[in-house]
Amino acid sequence: MAEREIIKEYSKGDLTVVWKPRKCIHSAICVTTLPKVYDPDKKPWIEPENASIDELKSQIKKCPSGALTYIMKGETKNSEEGNNNTRVEVMANGPLLVHGSLEVKDTSGKTEGKSGVTALCRCGASANKPYCDGAHKKINFVG
């Protein structure tokens with residue numbers, strides 16, 4: 001049985017921050033960019049009311065894994081709209097980031113569609129293969 005994906009939403013006015021924990025690679029860009037919004041020691045850990053909508057959008061666009069996205073009220077697409085090209089980026093000492101749409105086929109033949117940014121494990125230590133779960137930091141992966 002497939003595990004249900006957890007999706008959390010946090011709203012500020014017309015903007016909703018969407019967080020998908022299983023996609024998160026714990027780069028901490030969110031925490032260092034907007035520490036008044038993202039505090040992993042708090043519950044809830046995301047407090048969008050502590051920044052402007054423009055600040056939130058700008059930070060979310062920097063999320064390397066795509067774990068953070070946003071939806072604006074009245075729009076049907078999130079921050080990854082309009083790009084049909086697929087691009088692969090190698091993160092220093094981290095995962096491969098695939099930007100765009102792709103299909104991932106597992107060893108049993110089951111396929112899963114992905115879009116936006118998908119972080120694929122390069123270190124081999126992820127407990128969520130083929131996806132990155134941030135384990136590269138724990139094992140001090142260099143690559």
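The values are calculated or read from the model by the stated rules, or taken from the named source; none is laboratory data. Predicted, not measured: the structure shown is a model, and the values here were computed from it. We place every Cβ from the backbone using ideal geometry, glycine too, and count neighbours over all the protein chains shown.
The figures follow:
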item: Pairs where the first residue, in segment 125-139, is touching a residue at least 12 places away in the same chain (Cβ under 8 Å) and the second is among the hydrophobic types (A, V, I, L, M, F, W, C) and outside any loop (DSSP other than H, G, I, E, B), C-beta under 6 Å, 6+ apart; result: 125/135; 130/120; 132/119
item: Contacts under 7 angstrom Cβ, first residue in segment 77-105 being at positive phi, partner assigned to a loop (DSSP other than H, G, I, E, B) and at pLDDT 90 or above, 6 or more apart; result: 93/141; 93/142; 93/143
item: Single residue of segment 15-55 satisfying the filter (in contact (Cβ under 8 Å) with a residue 24 or more places away in the chain and β-branched (Val, Ile, Thr)) that is surrounded by the most Cβ atoms within 10 Å (Cβ to Cβ); result: 25
item: Meets criteria (among the small types (Gly, Ala, Ser), out of contact with any helix residue (DSSP H, G or I) (no Cβ under 7 Å at 6 or more places or on another chain), surrounded by fewer than 16 Cβ atoms within 10 Å (Cβ to Cβ) and closer than 25 Å to residue 11 by Cα) for residue 116; result: no
item: Selection status of residue 63, within 26 Å of residue 137 (Cα to Cα), surrounded by 15 or more Cβ atoms within 10 Å (Cβ to Cβ) and either modelled with pLDDT under 90 or of a type in the set (Val, Ile, Thr) (or both); result: yes
item: Answer residue from segment 116-128, given it is modelled with pLDDT under 90 and of a type outside the set (Gly, Ala, Ser) and is nearest to residue 60 (Cα to Cα) among those; result: 117
item: When residues of segment 2-14 are limited to those that are touching a helix residue (DSSP H, G or I) at 6+ places or on another chain (Cβ under 8 Å) and surrounded by 11 or more Cβ atoms within 10 Å (Cβ to Cβ), the one nearest to residue 135 (Cα to Cα); result: 8
